[in-house]
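Notes follow once the structure below has been shown.
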Amino acid sequence: MQHEGQSMTNSTPNLIAWLAEYRKYLILVADGANDEAALLRQEIEEGLNWVERG
């Protein structure tokens, strides 16, 4: 639901997707799935590097 005067930006879906991936990462770490977590962390970091280079 959007409130008056608020709108989604073009980056909002990307932010939501990143947060979902980060949440998956935290769950993997908490569950002790370190190998899977390491792979996901690498993907997240690659994505962040890509965004920073813009």
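Where a number appears in this text, it was derived from the coordinates with a stated rule and is not lab data. For clarity, every value in this text was computed on a predicted model and none was experimentally measured. Every residue, glycine as well, gets a Cβ built from its backbone with ideal geometry; the counts of neighbours run over all protein chains shown.
With θ set to phi - 60°, apply the Karplus curve 6.51 cos²θ - 1.76 cosθ + 1.60 along region 14-25 and write out the HN-Hα couplings as whole Hz, x wherever there is a Gly or Pro.
5, 5, 4, 5, 5, 4, 5, 5, 5, 4, 4, 4
Compute the FRET efficiency between Ile16 and Arg53 as 1/(1 + (r/R0)^6), taking r as their Cβ-Cβ distance and R0 = 25 Å, and round to the nearest 0.05.
Efficiency computed from Cβ-Cβ geometry: 0.75.
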